[in-house]
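Comments concern the structure below.
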Amino acid sequence: MFKFGKLIALAIASFYLSGCASIMTAEQAAPAVNTPNELESVSIAVVDKREYVLSGDKSPNFEGLSRSNFGIPYSQYTYTGQPMSEYLTERLVAGFMKKGVDAEAYPTSYSMSLSSIKNALAKKEQPSIIIALNEWKYDYHAFSDNSWYDVDVVVLDKNGEEKIKRSFKGENDVGSGLISNEMQTIYKQRFESIFLDDAIQKALVQ
């Protein structure tokens, strides 16, 4: 059965995205990360390794798809226009800062290799977290309201040595509210879940 309610919600969301609604800031969307008491400072690098970004099919600020009544897909982007890696890093840094950890953003480009990022972070002489986005998007329309993620999380010690690498992937339903806020809420919950992981917690203790 055709989901007219979903279509109406999508239309309203599109209308709000033009500037008529209050969009969450990075500070409001900051995840309440669980951090060990011993962690005083950290460098954070999010790198975009989504296949469609690497191939040039999508731009680095691609966030997901919305579709017309006929199922025609339209690309949607971060509301700030920032690359997704920068957009997420900003929220993560805000989350760690709220926990009293001196967090520093390390800017990346999708063209950068993980080894080059590791070498650069080793010079910071503090623990580092690298999050590689293998998949990170949503597809929002009358017949679907899903979003997907597939990330690798690497924790380095202050000498740049890899302490752990963990993979996390999953799928989340998208609510019917303003799409930008719905997705930021989902991102917040994803990161909160990741940093509850015992192995990640132990690796952050230097």
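The values are calculated or read from the model by the stated rules, or taken from the named source; none is laboratory data. If you're wondering where the values come from, they're calculated on a predicted model, not measured in any experiment. Don't worry about glycine lacking a Cβ; one is built from the backbone with ideal geometry, like all the others, and counts go over all protein chains shown. Note: accessible area is taken over every heavy atom of the protein model, side chains too, but ligands, DNA and RNA are not part of it. Shrake-Rupley method; radii C 1.70, N 1.55, O 1.52, S 1.80 Å.
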Apply the membrane-span-like helix rule to the chain: whole DSSP H runs, Cα extent along the own long axis of at least 30 Å, mean Kyte-Doolittle hydropathy at least 0.5. List the helices found.
none
So what's the gap between the Cα centers of segment 63-139 and segment 171-199, to the nearest angstrom?
14
Straight-line reach from residue 169: which lysines have Cα under 18 Å away, leaving out those fewer than 8 places along the same chain?
49, 137, 188
Highest mean first, what order results for 23-34, 165-176 on Cβ atoms within 10 Å?
23-34, 165-176
On each of the three principal axes of the Cα atoms of segment 61-108, give max minus min coordinate, whole Å, ordered largest first.
49, 20, 12
Run the numbers on the chain and let me know its relative contact order in percent, using alpha-carbon pairs under 8 Å that are six or more apart.
28
Binned at 10 Å from zero, the C-alpha pair distances of segment 116-198 give percents of 16, 39, 27, 14, 4
Largest-first ellipsoid semi-axes for segment 28-122, taking √(5λ) over the Cα gyration tensor eigenvalues, angstrom:
29, 18, 9
Can you give me the % of accessible surface on the chain that is carbon or sulfur? Probe 1.4 Å, all protein chains present, nothing else counted.
50
Quick one: order 118, 99 from most to least accessible surface, probe 1.4 Å.
99, 118
What net charge is computed for the residues neighbouring residue 88, neighbours being all others with C-beta under 10 Å from the C-beta of residue 88, Lys and Arg scored +1, Asp and Glu -1?
-1
Total charge of the residues flanking residue 153 in space, meaning their Cβ is under 10 Å from its Cβ, with Lys and Arg +1 and Asp and Glu -1, is 0
Please report the antiparallel percentage of the DSSP beta bridges confined to the chain, to the nearest 5.
70
